[in-house]
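**Q** What follows is a structure written as structure tokens; I'll ask about it next.
The values are calculated or read from the model by the stated rules, or taken from the named source; none is laboratory data. From a predicted model like this one, the values you see are computed outputs, not experimental measurements. Cβ sites come from the backbone with ideal geometry, for glycine too, and all protein chains shown count toward neighbours. Only protein heavy atoms, including side chains, enter the accessible area calculation; ligands, DNA and RNA are left aside. Shrake-Rupley method; radii C 1.70, N 1.55, O 1.52, S 1.80 Å.
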Amino acid sequence: MKRPTRTIEELTREDYAEGRIVLSQKLGEYLPHVIAFNGKSVYEQFAQRPRKIGIAKGFAVRREGLCLPATDSQHVQKLKDRLTHFRKLATLVRKVGTVRDTKPL
């Protein structure tokens, strides 16, 4: 059930359970090589385990995961610190793209 919320705190266990199913289906359909989560809480709800901000090794088969700091207005963080994480994402995307480009079909 899709519904708008003002904050993450308004989401229920059922919302997360449904979202986990929908996202898993989409990941299976589109097969992305990099997955980035906007916020630690979102990652933890999907993966169902605690996580620090940063690259998630072994996130899923043939996929790289990255847990980014939340970018909403409730999570105030220094721009420099936030940019560091998004630069890591850009580096990871380039790295994965290079590896994909060099592998034979």
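**Q** Among 91-98, 78-85, how do they line up by average Cβ neighbours within 10 Å per residue, starting with the highest?
**A** Per-residue mean Cβ counts within 10 Å order the peptides as 91-98, 78-85.
**Q** Work out Dmax and Rg for the range 1-43 from the C-alpha atoms and quote the Rg first, both in angstrom.
**A** Considering the range 1-43 through its Cα atoms, Rg and Dmax are 11.6, 31 Å.
**Q** For the cross-link pairs Lys52/Lys78; Lys2/Lys52; Lys26/Lys80; Lys26/Lys78; Lys40/Lys88, which exceed 23 Å when the distance is taken from alpha carbon to alpha carbon?
**A** Lys2/Lys52; Lys26/Lys80; Lys26/Lys78
**Q** Rank-order 2-8, 39-45 by packing density, defined as the average count of other C-beta atoms within 10 Å over each peptide's residues, highest first.
**A** Ranking the peptides 2-8, 39-45 by packing returns 39-45, 2-8.
**Q** Express the carbon and sulfur contribution to the solvent-accessible surface of the range 12-51 as a percent, rounded to the nearest whole number, probe 1.4 angstrom.
**A** Answer for the range 12-51: carbon and sulfur cover 53 percent of the accessible area.
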